[in-house]
Amino acid sequence: MLNLIKYEMRKTWKIKAILLVITAVLQVVFLIGLYGENETALGIGTGFLFMTAIVGVAVIGIYSIILLRNDLNTKQSYMLFMTPNNSYKILGAKAIECGLSVWIIGLFFTALGALDGILVLEKFNELDSLFKIIKAMLADIGEFTTPTLFSYAAAMLASALFSIATAFFAVVLSATLLNGKKYNGFISVFVFFAIQILVGYIFNKLPFDLDMVNVAGGLTTAGFYVIPTVIMFFITAWIMDNKLSV
Amino acid sequence: MLYDSKTPIYLQVVNAIKADIVNGKIQCGEKLPSGRELAIKYTINPNTSARVYQELENQGACFTRRGMGTYATEDPMMIEKFKKEMAETALEEFLRSIKELGINKEEAIDMIKEHQGDW
Amino acid sequence: MLESIEITKKFVGKTAVDNISMKLESGHIYALLGPNGSGKTTWMKMVTGLIKPTSGYIMYNGAPIGIPSRREIAYMATEPYFYDWMTIADVGKYYQDFFEDFSMEKYHTLLGRMELDTKMKTKNLSSGMMAKLKVAVTMARNAKVFLLDEPLNGIDLIARDEVMQAAIENAAPDNMLIISSHLVEELESVVDSAIFIKDAKLAGIYNIEELRQNEGVSLADKYREVFGHAVGGEN
């Protein structure tokens with residue numbers, strides 16, 4: 001299992017390195033803007049850092065879906081499926097690698113955001129009226145503290161992982177039960193959205209008020225998403241073990 | 001080695017080794033390669049090479065020393081016998097071809113004597 | 001012992017393997033012969049477990065094939081299948097990580113003989129080099145069943161000799177080799193039996209020496225007889 005994870009990491013390190021380099025450059029731009037009191041640089045740095053965080057996590061997730069697709073549908077599939085590992089391990093290694101990456105990168109960006117926020121706060125202190133306005137806005141939604149920020153991030157990441165697990169399922173479905181059938185791609189995309197919408201609908205019907213912008217609500221939401229994620233994982237691995245021909 | 005397409009491969013290898021014993025490429029009493037080495041040397045199946053040694057042993061062309069391997073026969077009479085047998089076979093083949101061309105025995109002998117090639 | 005029991009694989013609109021039953025024993029080298037598309041590759045992939053049969057099953061030493069049998073069954077695919085980022089050294093490392101029967105020492109010996117450099121990137125290899133690498137890494141396992149799909153394709157005469165030599169060296173009373181090929185003559189002296197697959201069906205299993213002894217024909221002659229005069233020379 002560790003070997004499988006090792007090779008999954010080997011397959012994704014490049015894209016993570018690129019992400020890290022882009023982030024480092026933008027952080028430098030941000031710091032120059034902040035301490036050189038260059039508003040353009042500060043604006044660019046902040047804006048693009050924020051975008052990189054969102055897009056970065058999405059890219060890691062999407063990339064792992066593309067990798068799974070390649071590992072099922074190209075000749076490279078032999079590399080995995082000729083080894084004495086069952087699909088739970090093979091898919092598990094991918095899920096662990098992707099899950100950890102999404103969490104680590106997601107929390108890294110959250111931490112970076114919190115840090116940069118504090119730096120801005122210190123630098124401008126009482127002076128910056130814009131910041132006060134933002135803070136006032138956020139106060140309307142909930143208590144804007146670092147713990148709420150992290151719990152909100154946790155909820156978002158858990159929901160992202162559920163989307164990835166659903167996408168894994170759709171990719172495997174397309175390579176197995178739907179393989180060679182008409183409208184294969186269309187049906188698997190439809191299945192993806194159907195599951196996403198269904199689970200979202202069930203969550204809305206739950207007798208809890210899940211306010212994500214407080215610590216308890218954020219963490220409960222995150223916890224709830226674990227359930228369908230795990231279910232999707234086992235269904236997907238079962239289909240692979242029993243129906244997959246590469 | 002090229003194999004003809006009619007006779008069993010093991011017999012073709014047996015004949016090749018016997019010829020080597022007769023012409024001295026394999027010395028009297030010399031250790032022969034292991035079954036696997038023989039298989040590699042002649043590009044044959046290891047089972048075929050086992051059969052080659054079995055057949056050579058049956059014919060008295062080699063013998064096995066327990067735990068030591070296979071050795072070419074040490075009996076000069078045996079080698080002489082193989083020489084005669086193989087020469088006889090070669091001669092029969094030659095005569096058949098010559099006869100097919102309508103050449104009689106005397107003509108053939110003259111042709112051999114006059115032949116300029118290496119002997 | 002490897003047993004194929006009424007195994008069938010249907011793809012959409014095509015039956016790739018049709019009800020093939022046969023028993024293969026250790027201590028033998030088998031040739032798997034038949035024209036392109038006759039079902040050789042599909043059969044091999046079912047033995048490896050890469051393709052799930054539509055019906056029938058494969059038994060290995062009395063148990064259906066599955067994940068554990070992959071520890072003892074080594075499969076070499078026709079197409080290149082290594083990751084693009086791999087060097088020849090990485091390929092060996094990968095096999096070492098996943099197969100307990102892999103011998104790094106044997107791998108390096110085979111690489112040396114095939115004149116392959118461990119620093120070379122797999123994506124830059126010529127087709128001949130790739131074919132040699134696949135054979136080397138597969139044969140470096142001490143597997144009980146070797147399935148080599150077209151190992152002689154796209155390589156020169158010298159490399160073919162190396163491949164055949166590696167096959168002979170690896171053959172042992174407790175393992176079996178199954179080599180698919182179009183090159184009937186190349187395999188004739190090395191294998192002891194040949195399995196003919198025609199139009200997805202088993203068309204016969206022949207012992208090479210028995211063919212010569214009993215019928216006075218070579219494997220190539222028999223191949224021409226079974227597959228029709230035009231097909232025999234295909235390569």
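The values are calculated or read from the model by the stated rules, or taken from the named source; none is laboratory data. Predicted model, so just to flag it, every value in this text is computed and none were measured. In this analysis, Cβ positions are derived from the backbone assuming ideal geometry, glycine residues included, and neighbour counts consider all displayed protein chains.
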Scanning the range A:42-61 for residues that are without any contact (Cβ under 8 Å) to a residue 12 or more places away in the chain and within 24 Å of the chain's Cα centre (by Cα), which turns out nearest to the other protein chains (Cβ to nearest Cβ)?
A:Val55
Condition set among the small types (Gly, Ala, Ser) and without any contact (Cβ under 8 Å) to a residue 24 or more places away in the chain, scope the range B:36-52, selection farthest from B:Glu80 (Cα to Cα): answer is B:Ala39
Pair list, Cβ under 7 Å, 6 or more apart: the range C:168-193 residue free of Cβ contacts under 8 Å to residues at least 24 places away in the same chain, other residue of a type in the set (Phe, Trp, Tyr)
C:Ser189/B:Tyr3
Pairs, please: C-beta under 6 Å, at least 6 apart or cross-chain, first residue more than 7 Å from chain C (Cβ to nearest Cβ) and in the range A:72-87, second surrounded by fewer than 19 Cβ atoms within 10 Å (Cβ to Cβ)?
A:Ser87/A:Asp241
In the range C:108-145, which residues are hydroxyl-bearing (Ser, Thr, Tyr) and in contact with a strand residue (DSSP E or B) (Cβ under 9 Å, 6 or more places away or on another chain)?
C:Thr118, C:Thr122, C:Thr138
Among the residues of the range A:24-38, which ones are over 18 Å from A:Phe124 (Cα atoms) and touching a Phe, Trp or Tyr at 6+ places or on another chain (Cβ under 8 Å)?
A:Leu26
Which residues, taken from the range C:34-46, are away from chain A (no Cβ under 14 Å) and not in a loop (DSSP other than H, G, I, E, B)?
C:Lys40
Let me confirm something: among C:Gly154, C:Gly216, which residue is closer than 22 Å to B:Asp4 by Cα and free of Cβ contacts under 8 Å to residues at least 40 places away in the same chain?
C:Gly216
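Residues of the range A:39-64 being of a type in the set (A, V, I, L, M) and buried (at least 19 other Cβ atoms within 10 Å of the Cβ), which ones?
Filtering the range A:39-64 down to residues of a type in the set (A, V, I, L, M) leaves A:41-42, A:44, A:49, A:51, A:53-55, A:57-60, A:62.
The answer is A:Leu42, A:Leu49, A:Ala53, A:Val57, A:Ile60.
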How many residues of the range C:186-226 are among the acidic types (Asp, Glu) and more than 9 Å from every other protein chain (Cβ to nearest Cβ)? The answer is 4
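Quick test for you: out of A:Gly185, A:Gly217, A:Gly200, A:Gly223, pick the one residue that is touching a Leu at 6+ places or on another chain (Cβ under 7 Å) and part of a helix (DSSP H, G or I).
Details: A:Gly185 fails: touching a Leu at 6+ places or on another chain (Cβ under 7 Å); A:Gly200 fails: touching a Leu at 6+ places or on another chain (Cβ under 7 Å); A:Gly223 fails: touching a Leu at 6+ places or on another chain (Cβ under 7 Å).
On inspection, the qualifying residue turns out to be A:Gly217.
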I'd like to check something: does the range B:53-71 contain any residue that is assigned to a loop (DSSP other than H, G, I, E, B), within 14 Å of chain C (Cβ to nearest Cβ), closer than 23 Å to C:Tyr30 by Cβ and free of Cβ contacts under 8 Å to residues at least 12 places away in the same chain?
no
Among the residues of the range C:43-61, how many are without any contact (Cβ under 8 Å) to a residue 60 or more places away in the chain and under 17 Å from C:Ser21 (Cβ atoms)?
8
Just one of the numbered conditions (1) buried (at least 16 other Cβ atoms within 10 Å of the Cβ); (2) of a type outside the set (Gly, Ala, Ser); (3) in contact with a Ser or Thr (Cβ under 6 Å, 6 or more places away or on another chain); (4) within 30 Å of A:Asn85 (Cα to Cα) is not true of A:Leu219; which one?
(4)
Given the conditions (1) surrounded by 15 or more Cβ atoms within 10 Å (Cβ to Cβ); (2) modelled with pLDDT under 95; (3) closer than 20 Å to C:Thr8 by Cβ, which single one is not true for C:Arg70?
(3)
Which numbered condition C:Ala63 fails, given (1) under 18 Å from C:Asn175 (Cβ atoms); (2) away from every other protein chain (no Cβ under 12 Å); (3) crowded, with 20+ Cβ neighbours inside 10 Å:
(3)
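Filter the range B:13-34 down to residues that are buried (at least 20 other Cβ atoms within 10 Å of the Cβ) and within 14 Å of chain C (Cβ to nearest Cβ), then give me how many there are.
Number satisfying all stated conditions: 2.
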Output the qualifying pairs, or none if there are none: Cβ atoms under 6 angstrom, residues six or more apart or on different chains, first residue in the range B:11-33 and over 17 Å from B:Phe63 (Cα atoms) and in the same structural domain as B:Arg66 (by TED's automatic domain parsing), second residue of a type in the set (A, V, I, L, M) and crowded, with 16+ Cβ neighbours inside 10 Å.
none
C:Gly49 vs. criteria under 20 Å from C:Ile178 (Cβ atoms), at the interface with chain A (Cβ under 10 Å from one of its Cβ atoms) and crowded, with 18+ Cβ neighbours inside 10 Å:
yes
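Look at the range C:126-143 and say how many of its residues are within 23 Å of B:Ser49 (Cα to Cα) and crowded, with 20+ Cβ neighbours inside 10 Å. It would help to see each step written out before you state the result.
Filtering the range C:126-143 for residues within 23 Å of B:Ser49 (Cα to Cα) gives C:139, C:142-143.
Now drop any that are not crowded, with 20+ Cβ neighbours inside 10 Å, which leaves C:139, C:143.
Count: 2.
Return the total of residues in the range C:102-124 being closer than 14 Å to C:Ala136 by Cα and either within 9 Å of chain A (Cβ to nearest Cβ) or of a type outside the set (Phe, Trp, Tyr) (or both). Quick ask: steps written out before the conclusion?
At the first step, the residues of the range C:102-124 found to be closer than 14 Å to C:Ala136 by Cα are C:102-118, C:122.
Okay, now just the ones that are also either within 9 Å of chain A (Cβ to nearest Cβ) or of a type outside the set (Phe, Trp, Tyr) (or both), so C:103-106, C:108-118, C:122.
Qualifying residue count, the range C:102-124: 16.
Just the residues that are more than 22 Å from C:Val184 (Cβ to Cβ) and either charged (D, E, K, R) or in contact (Cβ under 8 Å) with a residue 24 or more places away in the chain (or both), please, taken from the range C:3-17.
The first filter runs over the range C:3-17 and keeps only residues more than 22 Å from C:Val184 (Cβ to Cβ), leaving C:3, C:5-15.
C:Glu3, C:Ile5, C:Glu6, C:Ile7, C:Thr8, C:Lys9, C:Lys10, C:Lys14, C:Thr15, listed by residue number.
Could we say that A:Ala41 is touching a Phe, Trp or Tyr at 6+ places or on another chain (Cβ under 6 Å), farther than 30 Å from C:Leu50 by Cβ and either outside the structural domain of A:Asn179 (by TED's automatic domain parsing) or of a type in the set (Ser, Thr, Tyr) (or both) here? Can you show your working first?
Values: touching a Phe, Trp or Tyr at 6+ places or on another chain (Cβ under 6 Å): no; farther than 30 Å from C:Leu50 by Cβ: yes; either outside the structural domain of A:Asn179 (by TED's automatic domain parsing) or of a type in the set (Ser, Thr, Tyr) (or both): yes.
Criteria not met by A:Ala41.
Among the residues of the range C:73-107, what is the count of those that are assigned to a strand (DSSP E or B) and surrounded by fewer than 20 Cβ atoms within 10 Å (Cβ to Cβ)?
At the first step, the residues of the range C:73-107 found to be assigned to a strand (DSSP E or B) are C:73-76, C:87, C:102.
Imposing the further condition that a residue be surrounded by fewer than 20 Cβ atoms within 10 Å (Cβ to Cβ) reduces the set to C:87.
Adding up the residues that qualify gives 1.
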